[in-house]
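Following: one structure in C-alpha cells, then a few remarks.
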C-alpha cells in the first residue's frame, strides 16, 4: 500500500537524477533517444552544456537560442529547468539534481515539505514536454500536458499524494494572478486528476498510457478547448501585474468574471480557483499578500456565489483531498504491476 501523508516522512524520499534519466530512457526509448540530460546542479554542468552546444548545427543553435527567450544565455549554467527538441529529435532536458533552496517564484509554484518532491516533479514536468504529443511547443496546452504527466508519474512512483498535487495546483492558480502567467494556469487539469474517481487505476498505466492520459487532460482543460474562457481570464488580469495596485486590479477583474459568467463554465472555475486560493493564502499570512483586501459587500457577494457553486463543483479539489491524501494501488494486480515496472522494457 502507498504511504499516507502522515506516514510519509521527509527522509523516506530521495531523488536520484541519474535514476530518473535511466527510467526516462527505459520508459520512453524512442522519444529520448537523441535527448541529452543536464543536471543543473552538477559541478561541471557548464562544460557539459558547452560541449553539447558546440556540437549542434547552426540551425539547431538558432532554434535552441530562440527557445530560451527568457534566458537566452544557454551556456551560463544558470538556465531554468527546460526541455527542447529540434525536428530531427535532437533535444535537451535540464532539471535540478540536488537543489534544496527554492526561489520565491518556485515556492509560489510548488512548495512541498520535502525537496525530493520538488526535484522529482520538475524533472517529470520537463520530461512530459518531450513525451506527450505536441507538448514540446510553447503554450497553455503544453503546460497542461507536462503538469498532468508529472502528477501521474508522481502518483506512480509514490512521490506524491493528492495533497501535494493540490499544493502545486494552488501555486499554478497563484502564479496566474500574481505574475499574470496565463500560460501556466493548469489548475483545472490538476484538480481533475485529484478528483477523478478512477484515480487508483493510474497506478498500473504503462508509460505510453500515462502520456496519452496527460494528453487527454491537456486537450480537455487547456485554452485550446474553451478559448472563450481563456480570453475572459486573460482580459481580467492586467499585463505584468508586478505591483500591489495592478494585482488588486487583477483581483477585481477575476471578481467580475465570477459574477458575470455561468457557474459551469471554465472561466468561472478558474477565476473562483484563483480568488479562493489568494484569500486562503492571505488569511494564512503568506508574504506579499498583506495589501490585498477581500472585505466589503462586493467580496461578500463574490464568495457567496463561489460557495453556491461549490455545492455542485469541487472547486480546488478540497473535498477530494479531505478524504485521503494518498493514492494507493486498487488491487493485487496493480500492486504486482508496480513491482514489475522497474524490470519492464
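Readers should treat all values here as calculations from the given coordinates under stated rules, not as data from a laboratory. Fair warning: this is a prediction, and the values are worked out from it, not measured in the lab. When we count neighbours, we look across all protein chains shown, and the Cβ atoms used for this are built from the backbone with ideal geometry, even at glycine.
Ordered by packing density, taken as the mean number of other Cβ atoms within 10 Å over each peptide's residues, highest first, how do 312-319, 288-295, 165-172 rank? Kindly include the intermediate steps, with their values, before the conclusion.
On the way: 312-319: 17.4, 288-295: 13.0, 165-172: 24.6.
The densest-packed peptide leads the list: 165-172, 312-319, 288-295.
How would you order 184-196, 119-131, 24-36 from highest to lowest mean count of nearby Cβ atoms within 10 Å?
Peptide ranking by packing, descending: 119-131, 184-196, 24-36.
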